[in-house]
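Any read-out appearing in this document is the output of simple, stated calculations on the displayed coordinates, not a laboratory observation. On a predicted model such as this, the values are computed, not experimentally measured, just so you know. Cβ sites come from the backbone with ideal geometry, for glycine too, and all protein chains shown count toward neighbours.
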Amino acid sequence: MATEVLMPALSPTMTEGTLAKWLKKVGDSVKSGDVLAEIETDKATMEVEAVDEGEILKILVEEGTEGVAVNTPIAVLGEHGEESPGANRQASDKAAGGQAAEEPAAAKAPPKPEPEPRSAPAPEPEQDWGKTEEITVREALRDAMLAEMRHDDKVFLMGEEVAQYQGAYKISQGLLEEFGDRRVIDMPITEHGFTGMAVGAAMSGLKPIVEFMTFNFAMQAIDQIVNSAAKTLYMSGGQMGCPIVFRGPNGAAARVAAQHSQCYASWYAHCPGLKVIAPWSAADAKGLLRAAIRDPNPVIFLENEILYGHKHPCPVDEDFILPIGKARIERPGEDVTIVAFSIMVDVALNAAEALDRQGISAEVINLRTIRPLDIDTIVASVKKTNRIVSVEEGWPFAGIGAEIAMQITEHAFDWLDAPPTRVAGLDVPMPYAANLEKLALPQPNWVVDAVKKLF
Amino acid sequence: MAARQTKSTTKAKASAAPRKRASKQAPSMDRDELLAAYEKMLLIRRFEEKAGQLYGMGLIGGFCHLYIGQEAVVTGMQHALEPGDQVITSYRDHGHMIACEMDPKGVMAELTGRSGGYSHGKGGSMHMFSKEKGFYGGHGIVGAQVSLGTGLAFANRYRGNDRACLTYFGEGASNQGQVFESFNLAALMKLPVIYIIENNRYGMGTSVERASASHDLSRNGAPWGIPGMQVDGMDVMAVKAAGVEAVAHCRAGKGPFLLEMKTYRYRGHSMSDPAKYRTREEVQKMRAEHDCIDLARKELEAQGVPEDRLKAIDDDVKRRIQEAADFAQESPEPDEAELWTDILVEG
């Protein structure tokens, strides 16, 4: 049976090419793998190999022909003595016209996500967990891991100095004693390797908690976090989930300069497939870390070194857990909404106190989760206050404040009495000198000044 | 075709004991097993030829890296495995999936970006998975799968089973930093992982001599005491013999093992590679003198397997590949709603 040899596509972008040279002539017999012709594309000269066996019955496009479109028949291959007309397309494949080529990608615009209605639902009241006790954020994080590791043998902790040293910041204190070195595992300083190893373990169904000594060091491993952990579920059509938590201190500590003082909230929140959490209080830390460990997705858990020693009331109920994706109104107010996360909640609350003394009532929202962003709570607040200021420690360009301002513009523009405003860390690498570092990080008076400009 | 290894390196500390050369041993496959291996290699070859053809017709897009020439590596290694072991590799993954008994229809339909593909058309040539068959991808970032495979081995040890993970990568990837990080971790924790360097001589257009200061890649794990072996990757029985030894090492709790498979790819790095960095004679010589399928066929003929038996296998493989190609074109494109699924696991 005669088959047509078609002008092949030889690169992802090729639509036509020049048939530079025939290396076989009519009457030649060819077998699979023989080079039939040379074709010049926009990038290179390529050899075309035969797929089927047979004799060249006819050459349809002479050598030297330019602009030969992909899928044009260029020769007919068949058995010796066979008639060439009426040849089937190469190997009798269906849709030989090249369905993909006939449907320009632009003709099929992806469907837009349904815009979610923003009818300003009243935020649900947070569940009352009863009795609380004052504990540090550090203790809260440890207690969360302790509870989840007792609950599920698949959960384990790995990282640098997490076991014998009891944690570089003493977050994992006591865990080695209770769970042993099978589940509390010291890693060498090899972030790229051990992060990939943890992601592989998660793909097989374990639930690793990876502690980065700080998130600055996770940049060594960010390929594994974004390309492997975040994308594989999608690329596998839902088969290959990655239940893993990446946690550690994020952002500036004190006087550790540019390479150790960066906020990664915006970096990770950019990526579909990741959840990003940034707790402020001890209750946030405990309730959300438990939720993160139980979550079947990769979760980035951004802590703050300065907050580790801060004390807050935290529910003692052993089932205490918080939902991912729900912000909390830390201080109700009427005149302006201040949105913050992590240590900037303290800055926002201090600013609210100062504003109160000046007769401005500020509502402070603690985001708790960066992605998915609880835009409902922010919108409901803005519909009441008609003004919004976001506060973050990270850089302003393409930061979380930029995202919040855009979403408020999309969802609550008509309720705004002033442009959405942001307060952010200065757009410079973090300096070491004490006075310069203080100048680079948002202070309560920056927030006060930003709010007052809105009136 | 006698099972033969080009060399058994014994320089690593953990493998200091004298090693038997596989060539002195009995063939690693009996006739029936070799017949099965022959069929599998042929299935992979015909699959890849068909994939190249469909690419030329515009039915497959993007990057498409063919495995033609290297079929003996995955086929031989698969004969050393047991159910429950894992396999992970890079983007040149079609052969590995077929070796893992994944359905050629589902693989081909993924190449054409259709809903019947293993990833519902959302992964493409480089990103396919089947937990059921122990295949963990299909990874597009050079070297990333080496750390991931080390993690699969970690999970085996954590669970206390005796499963092993085959972690494949090319000689080009072997220079990535995370490969050496993984060697250290696996040796430190004695993880049951077999690192398989598929040395097909060219990382895209750069020959191994121009990329690696190490001239014997099987020794790349030596600083960590990882035993290594060079294997004739064009000889499926030699591959299996090496695989059996490596798997036994892992199952015995002795930690990782490194195999350097000397192999060759006949086609370019990807479909758009004109392969001007090597001569046509070099390719033709490999095809003519060292082709893994020809070698197996000659051995089977020498063992008295009748011509019609081999012909029946050839015909059956051809039919299965045509079915896969038909399925890959008939299966509909994914529903537009698929755009928004599988980003996060719900609940």
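Across the range A:328-452, counting alpha-carbon atoms alone, Rg and Dmax equal 13.7, 44 Å.
Neighbour counts of C-beta atoms inside 10 Å place A:395, A:267 in the sequence A:395, A:267, starting with the fewest.
Counting only alpha carbon atoms, the long axis of helix A:375-385 and the longest principal axis of chain A meet at about 50°. Just list whichever of A:231/B:240; A:286/A:384; A:326/A:438; A:131/A:170; A:326/A:384 have alpha carbons separated by over 29 Å in the model shown. Going by Cα-Cα distance, A:231/B:240; A:286/A:384; A:326/A:438 fall outside the 29 Å limit. Taking 30 Å as the limit for the C-alpha separation, the pairs B:105/B:276; B:298/B:318; B:131/B:285; A:207/B:190 exceed it in the case of B:105/B:276; B:131/B:285. Here the residues A:383, B:298, ranked from fewest to most Cβ neighbours within 10 Å of their Cβ, fall in the order B:298, A:383.
Footprinting exposure proxy ranking of B:224, A:415, A:280, B:340, fewest other C-beta atoms within 10 angstrom first, gives B:340, A:415, B:224, A:280.
Between residue A:274 and any residue 5 or more places off or on another chain, the built amide H atoms are never under 5 Å apart. When the Cα convex hull of chain B is projected onto planes of every orientation, the mean area is 17.9 nm². At most 10 other C-beta atoms within 10 Å and a DSSP loop state: those are the exposed GluC sites (Glu not before Pro) I care about. Give me the longest piece of chain B that has none. That gives B:133-345 as the longest site-free run.
Give me the orientation-averaged projected area of the Cα convex hull of the range A:179-227, in nm², one decimal. The partial results should precede the final answer.
On the way: hull surface 14.4 nm².
Mean projected area of the Cα convex hull: 3.6 nm².
Cα-Cα pairs above 18 Å in the range B:187-340: how many percent? The share of Cα pairs beyond 18 Å in the range B:187-340 comes to 73 percent. Mind checking the log10 I(q)/I(0) for the protein assembly as shown at q = 0.08 Å⁻¹? Debye, one equal scatterer per Cα, no solvent, two decimals. Relative scattering, expressed as log10 I(q)/I(0), comes to -0.77. Computed from backbone phi with θ = phi - 60° and the Karplus coefficients 6.51, -1.76 and 1.60, the 3J(HN,Hα) list for the range B:78-95 is 5, 6, 9, 9, 10, x, x, 6, 10, 10, 9, 8, 8, 8, 8, 10, 4, x Hz; x is used for glycine and proline. Less than 5 angstrom separates the built amide H of residue A:280 from those of A:285, A:342, all sequence-distant by 5 or more or on a different chain. Close amide H pairs (under 5 Å, H built 1.01 Å from N) link residue A:30 with A:54, A:55, A:56, residues at least 5 positions away or on another chain.
Which value results when the Cα radius of gyration for chain A is divided by 2.2 N^0.38 Å? Mind showing how you got there, number by number?
Numbers: Rg = 30.4 Å, N = 455, 2.2 N^0.38 = 22.5 Å.
Relative to the rule-of-thumb radius for its length, chain A sits at 1.35.
Across the range A:441-455, coupling constants 3J(HN,Hα) worked out from phi with the 6.51/-1.76/1.60 Karplus curve, θ = phi - 60°, read 9, x, 10, x, 5, 5, 5, 4, 5, 5, 5, 5, 5, 7, 10 Hz, and Gly and Pro carry x.
Would you mind telling me the antiparallel percentage of the DSSP bridges in the range A:320-455, rounded to 5? Before the final figure, lay out the partial values.
Numbers: 3 of 15 bridges.
Here the antiparallel bridges make up roughly 20 percent for the range A:320-455.
Here the sum of -39500 (n - 2.57) over DSSP H runs of 4 or more residues, divided by the residues of chain B, equals -13000 deg cm²/dmol at 222 nm, to the nearest 500. What's the longest uninterrupted piece of chain A once you rule out the GluC sites (Glu not before Pro) that are loop residues per DSSP with at most 16 other Cβ within 10 Å? The longest such stretch corresponds to A:127-317.
Each residue of the range B:164-176 was assigned a 3J(HN,Hα) from its phi angle through the Karplus curve 6.51 cos²θ - 1.76 cosθ + 1.60 (θ = phi - 60°); the sequence is 10, 10, 8, 10, 9, 7, x, 5, x, 5, 5, 8, 5 Hz, with glycine and proline shown as x. Relative to the 2.2 N^0.38 Å rule of thumb, the range B:126-254 has a C-alpha radius of gyration ratio of 1.03.
A compact globular protein would have a Cα radius of gyration near 2.2 N^0.38 Å; the ratio found for the range A:215-267 is 1.40.
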